[in-house]
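First up is the structure itself, then whatever we jot down about it.
Nothing in this text is a laboratory measurement; each read-out follows from the coordinates by a stated rule. Since we're looking at a predicted model, the values are computed, not measured. In this analysis, Cβ positions are derived from the backbone assuming ideal geometry, glycine residues included, and neighbour counts consider all displayed protein chains.
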C-alpha cells in the first residue's frame, strides 16, 4: 500500500492541469442592456459593468428600447429616447431598411449619428397625421419631423415618412 502512494502522486503530477476558462466579461451595451461575452467590452463598443459590491446593481434609468412601435405616440417617444441617449443605432432600429444597400445604410446611420450630436429642438407628428395611423385617410403618408439646432443657429429639419409594416410603425428617411 505504501508503494502505491508515491506512484499515485507521480501520476497526479504527470497529468497537466486543465486550462483556465476564458473569462466572461460583463458589459453594458450601447442600448443600455447587459451583455455577457468572452470578448473585452471595448471590442463590442460597450462599457464594462460596474463591479458588484455585495448588493444588486441599480436598475437602468434608460427606458427599454422599442422594437415595434404600435402607435404614433410610441414611435415618437422612441425617437425622443434615441436622441436623448445620443444612440444612432437605436434610432436606426426604428427605421425600415428594406431596399437599402449596405453602404447606403451605413452612410445614413453615420449621418443620423452626426445629426444626433446637435441639440434636439422638437420631434413632432403633424396634427393631420396624428389623428389616424398610417396609411393616412387623406392619402398623404404620415410624417415625423425632427428639428435640431442647425449650423447657422437656426433649426435644421429632417423628415421621416411613417410606414406600417408587419404590424409595426417604422420610419423611412425622406
Residue 156/residue 100 FRET efficiency (R0 22 Å; Cβ-Cβ; nearest 0.05): 0.45
Rg [Å, one decimal], Dmax [Å, integer] - segment 72-173, C-alpha atoms: 13.5, 40
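For 146, 106, 35, what ranking results if the residue with the fewest other Cβ atoms within 10 Å of its Cβ goes first?
Details: 146 24, 106 12, 35 17.
By the 10 Å Cβ count, ascending, the order reads 106, 35, 146.
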Simple spin-label estimate for residue 74 and residue 111 in nanometres, 7 Å along Cα-Cβ: 2.9
